[in-house]
Structure formats: C-alpha cells, structure tokens
Amino acid sequence: MDTFSLLLDGLLVAAQPGNLGFALLGVLLGTAVGVLPGLGPALTVALLLPVSLSFGATGSMIMFAGIYYGGMYGGAISSILLNTPGETASIMTALEGNKMAKDGRGGKALGAAAIGSFFGGTCATIGLAIIAPLMVKVALAFGPAEYFALMVLSFLTVSAAFGGSLMRGLTALFIGLSIGLVGIDRLTGQARLSFGVPELRDNISIATVAVGLFAIGETLYIASQSSTMNEKMQAVKGSVWLTLGELKRCLKPFLRGTGLGFMFGPLPTGGAEIPTFLSYSAERRTAKGIAREEFDSGKGAIEGVAGPEAANNASAAGTLIPLLTLGLPTSATAAVMLAGFQQYGLQPGPLLFTSNSELVWGLIASLFIANLMLVVINLPFVGVWVRLLTIPKPWLYAGIMTFAALGIIGAQGTPFSLILLLVFGLVGFVMRRFDYPLAPVLVGAILGPLAEEQLRRGLMINQGDFSFLVTSWIALTIYAIAVAAVAGPLLWSRFSKRGIEASKALHEH
Amino acid sequence: MATHEDKGAGASRPDGSSRATDIGGLGIALGLFVFAALIAWDASSYPERRSYAQIGPEIFPYIVGAGIAIFGVLTIVMARRGDFPEREALNFAPVLWLLAALGGMTALLYAGSGFIIASSVLFGLAARGFGRKPVWLTFLVGLLLNCMLYVLFRQGLGLSLPGGLIEPYINVLFR
C-alpha cells in the first residue's frame, strides 16, 4: 500500500508537462540512436551528460531512463531489417527477425518486438517498484564497513561481468581508480596526480571520461575498421499489427523472456546478453507445430523475436534495481547513468529513496509512461525510424564528434577539457580495439574516491584498526556475494561462448 | 561475408601463428608500466603527515599504482599467449583525420577563434576522415550546423560556449 501511494506521487511528478517532455525526448533519442548500428544507449546517455546539466536532476534522469528503454526498442529495428544489431542486447533478435524480414514478414517481426518490449518493460517496472523498497529496507542498516564492502562488490562484479576476461576487466577498473585519484584529496587537501595543472586539481569530470571513452573512442574505433557492413536493408513488408493468433503465439515467449530478463538484469552478468540468449534458446527448444517448422526451415519464427525482445527490456528495468537501491551498476548504460546522478551530487543508494523520494518515484513512474510512448511511436511510425538508417556515415559521425565536443566545452568552459577528451578518446579506442570493457573505468572513477573516503574515515574513527571492516555480518555476506559474482560468470562463460558463436553465424548469411 | 573473413585474416595476427607474441598487447603493457611509475613518483612527492588514520593521501595511489603494474605484467603474459581477440587491420588514415579534427579544434579554441569556427573545423575534418570530400564543403556544412547548435545551446539552453570571431554578431542578433 505504501509503495502504491509513493508510486502515485511519482506519477504526479512524471505527469508534469516538463517531465513528460523529457521522457518523450529520451525515448525519441534512444530509439533514434538504438536504430543506428554501432551506437548503443550507453553512448547516447554519455553524449547527453554534459548538456543535460541545465535540465535539472529529475528531468535528466527521466530522459536517461527513456533513452535506455528506447535504445532497446530501436536496436530491434536495425536487427530485423538490416541484420546489424545496434547493441549486444539485440543480437538474438536479429537471428529470427531478419529471416522473417527476408520472408516478407518484417512488419510482424517489428510488431512482435515492440509489443514484447512493452510487455517486458512494463512487467519488469512493476517488479522494480515492488522490490526496490524492500532492498532499501535492508540497505538502510549499512554503515561505513558495509558501504566499503558494497563498493568492493561493485568493483569486482563490473570487472568480472563486462567483457570476456576478468584480467582485462580489472585492468580497466584500476585505470578508472587512477582517474578518481586525480585532484585535491578530500581529507587532507593534498593535490594528487595534478602535475601543477590547475584544471587537474579540480578533479576530472566524470562526463569528460564517459564522453571520451564511449563517444570519441567508439567513433575512432569505427573509423579504424576497414571492412564495412554491406548487408542489404529489407523493406518493411506486411502489417506491423499482430493478429489474435499471432499474439497467442507470442504470449508464452513474452512471459518467459520477461522472467529471464528481470532475473538477470540485476545480476552482475553484463546486462541483457545472457537473458536474451537463454530466452532465444528456450523458444527454439520448446517450439512446436508451425513455430517448429519456421525455426527449422529458416523462414523465421515470431517466438524467436518476441522472447528476446521482452527479455532485453525487462533486463533494463532489472538493472535499475541495484543501481537505484545500492548504487551498483550492472550494465554499461547503468554505469553512465550513475555518472549522471553523480553530476548532480546524488549518490544512488538507500538514502536516495528517503532524501530524494520525489526523484526516485518520479523516475520509476516515468518508466511506465516511457514504455507507453515507445509502443505508440514505434508501431505506426516504424518507417520514419528506418529512414535514419540512410544518414551517410561521414555526417553522422562528424555530428557525434561535434556534439561530444560541444557538451564538454559547454559544461567545463576550458579548452583544456578537450585535451582530456582526446586522451580519454584514445584510451577508449585502444581499449575497444583490444576488447577491454569500458564500464569498469567509469565505476572505478566514480566509486573509487568514495571507497577511499569510507575506508579512511572508518580507520580514523577506529584509530587505525582495520578489523572494523570484517566485524559485521552484512559486510561479510557482501564479500561472499562478491566472490560468488566473480566465480559465477566463469560458469556462464560456456553460455556466452555459444552466444558469440550464434552471433558469428549471423555473418555467414 | 567472405570479404570480412579475408580482411580478418590479414590482421596483425595471421591464422597460422596464433601463438606469436602480440606486439600491440606489449605496447599496452608498456603504457601501464609508465603510468604506474608516474603514479608512484607523484605519490612519493607528498609531504609526510601524521594522523589517527595512519594512512595518508599517498596510500591509495601506491595501491592503485601497484595494481596497474601487476596488470602490466599479466598483460605481457596475455600478449605472449595470444589471449587478445583477433583484430582487423588498422585503418590509420581516418583515425589520424579524427585526431587532427579534435586537436585542431582545441588549438583554435586556445587561439581564441571561438566555438563556431573551431567546432566547424572539427566537423569538417571528421567528415573528411569518414571519406566525405572535399574538405571545404564539409567545413561549410559544419559551419551551418554549428551556427544552429550555437543558437540552440547558447541562447536556448544557456550553455556557456566560448566566443570569438563570429559569436558576438550572433549574440547581437538575439539581444
């Protein structure tokens, strides 16, 4: 009941015209960027970080969440019509979706994707609204020792989950930690890693790091690739509206996909890749009748689109649970959103629910609205989005670079920030080329200084006695989870390997 | 996509010698060592302090620096074992264009050209890097775009963008 009234209050916040506008802007931008191959929601949120400073905390968070959801929708469009998944979450959608498009049923695939996304997103957002307050109750008992443990958990899980290799993940984390060191030490006033440069004494802005790594690094990477995608784009054929019979076929995949996505979203296993893969293989394994024939004959089965699409949107909602209640990002986009909170001096965690309850519940409520908006702008207007795919690459990427530079120079005001942007762009490029995950860098840069402060404050209170770190059962439990979270992905690597093989199979068609 | 496969095989690590040392990986390791040394050198220069905490501002830098050095060693191991994923041949020219684009914009801003001209150079060179010619055309497109962006973000959203040669005239128009 309590949750329900908070959610109603949130709806009032979300329904304010300004916030509705931010939600609409977010879903439009998210879909647009999701459609474009190679550009994911993490990059979009990063690009908008500096610009959004003038939007206010609630408005920009609502917009960012809209981008996250919209990116998941948009990714389906390019997967189905172009066979080039916009981001990893849509790889499985491309498998059956593109076959359906080649069979002249692209419209149906798009329809199943949009409704699946809506279903998965909405159900999982309800789950988020129910579970988040429960998590907050647990987390309110946390002290410095528990927070330090939580940050260790966060460090280990992002490093282990993103990308294939724990070693590369941890290297990325330590690069992030070193970025967090730059500037004046909060406790003693000592300038660290500043080398006499005044701009460095004021800490490096997380937005510069995020934009450099994600936008500039990714653009450099795309420019450096000599092979170009030359998949033929399929025209949208057939109605996007599903018949009752088709909806019936999709219902079970929707339910299974939503369950998988919501379960895996909050876990530090790297976002939507694993749940979409599991959903696809479940549909393929259990298919009967017409579906069986369509899976086997390569005509493309609607179940294979419906399940993974429900799963990827459900996982986006699931990701928000640990992000909002504990400040733990479990996907790259969540890591960039964490940078967004930080930009406003907000630290996601249990306290956020009491100190900024309007923002949190407004954000959750706006997710429902964003989902509704997405179905409306996706089903009838799919043709408009498709046209985005015809923007020539030079203009598109030059525009992205320009926008990145504009945001940074506008927020920081000094040309020195562009030098930093270039440096982080180069770092991001090398990391991308050598398959290092980027999210741990951000998490290290954001949480590193907080972890150091908690540890040093705790030590001061306890007069230099380190044992305070391990005397609490909650802290010990968190450490145990951290160990399990590092060991867990190793078990899952079997699955992700199969996922990679499946994505490779895409290129052979 | 056969062409894709061909180019993949022509990358820095050909199929037959997958156990050959990855030079790029060694380069990363070298970078990590230099960075670790830099952090340690910086931390060693802090004045000594006494406090109840017993750990001063230099402890975390030492830990981070040591961590980076350790991962540098592990990177060498990975490079020698060929653990890095296969890469396509690096296309240098576009990357250089993009670097020149960002570098050019930075230099122009330091020189006081203002946002619009600097950012148009960025746009023009970046579009050229992605294969769009000639440069004067891409620059002009950039100029048009950046004038619009300037009005939108400076006048509309109140973002402070550095002024220079063109900006004062636009500001007058919107006064």
Solvent-accessible area, 1.4 Å probe, carbon plus sulfur percent, for chain A: 68 percent
Reachable aspartates and glutamates from A:Lys137, criterion Cα separation under 18 angstrom, eight or more residues apart if same chain: A:Asp2, A:Glu146, A:Glu358
Principal axis dimensions, largest first and in whole angstrom, of segment A:237-283 by Cα: 38, 21, 17
Accessible carbon and sulfur surface of segment B:92-173 relative to its total accessible area, %, 1.4 Å: 75 percent
Shielding of A:445-458 by partner chains, average beta-carbon count, 10 Å: 2
Interface residues, segment A:40-59 - accessible area loss of 30 Å² or more versus chain alone, probe 1.4 Å: A:Val51, A:Ser54
For A:Ala191, residues with placed amide H under 5 Å, excluding near neighbours: A:Asp185
Peptide A:183-190 - average C-beta neighbours from other chains (10 Å radius): 4
Theoretical gain in end-to-end length, A:Leu255 to A:Val197 [0.36 nm per residue, Cα-Cα removed]: 15.3 nm
C-alpha long axis of helix A:303-326 to longest principal axis of chain A, angle in °: 10 degrees
Per-residue average of Cβ from other chains inside 10 Å of B:150-162: 3
Residue-normalised accessible area of segment B:92-173, given per residue in Å² at a 1.4 Å probe: 46 Å²
Accessible area of chain A divided out per residue, in Å², using a probe of 1.4 angstrom: 35 Å²
Check: chain A dipole with +1 on Lys, Arg Cβ and -1 on Asp, Glu Cβ, in debye: 1060 debye
For the pair B and A, total buried accessible area rounded to nearest 100 Å², probe 1.4 Å: 6100 Å²
Segment B:45-117: C-alpha gyration tensor shape, a/c 1.5 cut-off, then a/b vs b/c: oblate
Gyration tensor (alpha-carbon) shape descriptor, the protein assembly as shown, a/c threshold 1.5: rounded
Computed [θ] at 222 nm, helices only, for the protein assembly as shown once each DSSP H run of length n ≥ 4 contributes -39500 (n - 2.57): -23500 deg cm²/dmol
Pairs beyond 31 Å (Cα-Cα), from A:Lys99/B:Lys133; A:Lys102/A:Lys252; A:Lys252/A:Lys393; A:Lys248/A:Lys299; A:Lys237/B:Lys133: A:Lys99/B:Lys133; A:Lys252/A:Lys393; A:Lys237/B:Lys133
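The values are calculated or read from the model by the stated rules, or taken from the named source; none is laboratory data. Model, not experiment: these values are computed from the prediction. For neighbour counting, all protein chains shown are included, and Cβ atoms are generated from backbone atoms with ideal geometry for every residue, glycine included. With ligands, DNA and RNA removed, areas are computed over all heavy atoms of the protein, side chains included. Shrake-Rupley method; radii C 1.70, N 1.55, O 1.52, S 1.80 Å.
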